[in-house]
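Report on one structure; see the data block that follows.
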């Protein structure tokens, strides 16, 4: 996702772009993904709206529910608030549909996409990439959006690379055919309005929303797990998932019982890197800043990265200035990504209190938002006014432009 978004942003600025994709066919493992306002606004500017509009769902709200009985304890109103305040809707979509939209938009902009092209080495000075078949491709700039297991990060940033932080969580991902939910009056109410619903409890939460043009009910079930993922038995994942949420809201466990297959995924958070650039190679997306999904901002950060990189390059007039553009990009984006990583980790604490004083204090602080009473702060980061502004109101292009203006102003003063 991040690689294609970056390719689109660069091509939109007139750059000639080639994407190397290791898989022979484009597909996306997983199910639902969120496109928050800070990302949807950028995607619209990149011309993605016609490619996405048939596939996205726009939830009315996010409802946080008590684990035991489903009582609404927190509420973030998305419609019309996010469109009006942040000039961008809050969408959910199937990952495969999102990827297909990005791919087609990239092709329409003239981006060359080479499938079955596995990059095995990077040269940051030339700069170039070497493929598995020994062919070498050179360019003015190499962008490595090669994911959480990034070879580029390992090769180019090995002196500062740190092991992934293991917060001790894993997630089951699954979808349920909405017709199976619609036919059960005890749970069919979940389909009446396209809301995000999040049940939160001791060390666990379940996030649900509708994707696939209203055909699929997406579920992400987070739970504690400190075991080595290489030892997991995926054949028992369905049974283990049901067991993890025994005793929760009966309506939720009913939906869980409808799941026919699931996959268990480790949740990892990348240790903050002090730099993303080596010569004329830059890493971005999960390769640079993998984060827990608890702010639903992982893909959005990759989109911001791509747009910010293209915007920084738009300030230069020759390839000799690429290093300066990368330096400004790196400075701006590291600060942004680190802050989002921290917010994601914080949600992993706030959502998972066991019943007791901390849980009761959190729930009491959430009461105003559920009653429509004005409030100045909230432990629900989706509703908290200050968090909303820095998270969803962030303008990736503007932030880059401001740093460039500061740099030019300093140089101008120095020449006087």
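The values are calculated or read from the model by the stated rules, or taken from the named source; none is laboratory data. Because the structure is a prediction, the values reported are computed rather than measured. Using ideal geometry, Cβ is built from the backbone for each residue, glycine included, and neighbour counts are taken over all protein chains shown.
Would you check if there is a residue in the range 156-165 being under 19 Å from residue 266 (Cα atoms), out of contact with any helix residue (DSSP H, G or I) (no Cβ under 6 Å at 6 or more places or on another chain) and part of a strand (DSSP E or B)? Yes, because at least one residue in the range 156-165 is under 19 Å from residue 266 (Cα atoms), out of contact with any helix residue (DSSP H, G or I) (no Cβ under 6 Å at 6 or more places or on another chain) and part of a strand (DSSP E or B). Tell me yes or no: at least one residue of the range 350-360 is part of a helix (DSSP H, G or I), over 21 Å from the mean Cα position of the chain (by Cα), closer than 20 Å to residue 202 by Cα and in contact (Cβ under 8 Å) with a residue 40 or more places away in the chain. There is no residue in the range 350-360 that is part of a helix (DSSP H, G or I), over 21 Å from the mean Cα position of the chain (by Cα), closer than 20 Å to residue 202 by Cα and in contact (Cβ under 8 Å) with a residue 40 or more places away in the chain. Can you find even one residue in the range 189-197 that is in contact with a helix residue (DSSP H, G or I) (Cβ under 9 Å, 6 or more places away or on another chain), surrounded by fewer than 17 Cβ atoms within 10 Å (Cβ to Cβ) and in contact (Cβ under 8 Å) with a residue 40 or more places away in the chain? Checking the range 189-197: not a single residue is in contact with a helix residue (DSSP H, G or I) (Cβ under 9 Å, 6 or more places away or on another chain), surrounded by fewer than 17 Cβ atoms within 10 Å (Cβ to Cβ) and in contact (Cβ under 8 Å) with a residue 40 or more places away in the chain. When the residues of the range 307-318 are filtered to those that are buried (at least 21 other Cβ atoms within 10 Å of the Cβ) and over 20 Å from residue 90 (Cα atoms), which remaining residue is farthest from the chain's Cα centre (by Cα)? If we take residues in the range 307-318 being buried (at least 21 other Cβ atoms within 10 Å of the Cβ) and over 20 Å from residue 90 (Cα atoms), then 313 is farthest from the chain's Cα centre (by Cα). Among the residues of the range 361-384, those that are part of a helix (DSSP H, G or I) and either closer than 19 Å to residue 197 by Cβ or touching a helix residue (DSSP H, G or I) at 6+ places or on another chain (Cβ under 6 Å) (or both) comprise 362, 363, 366, 367, 369, 370, 371.
Among the numbered conditions (1) at pLDDT below 95; (2) within 25 Å of residue 160 (Cβ to Cβ), the only one that residue 282 does not meet is (1). Of the residues examined, residue 126 is not one that is touching a helix residue (DSSP H, G or I) at 6+ places or on another chain (Cβ under 9 Å), more than 26 Å from residue 344 (Cβ to Cβ) and surrounded by fewer than 18 Cβ atoms within 10 Å (Cβ to Cβ). Among the residues of the range 248-306, the ones that are in a strand (DSSP E or B), within 21 Å of the chain's Cα centre (by Cα) and over 30 Å from residue 187 (Cβ atoms) come to 4 in all.
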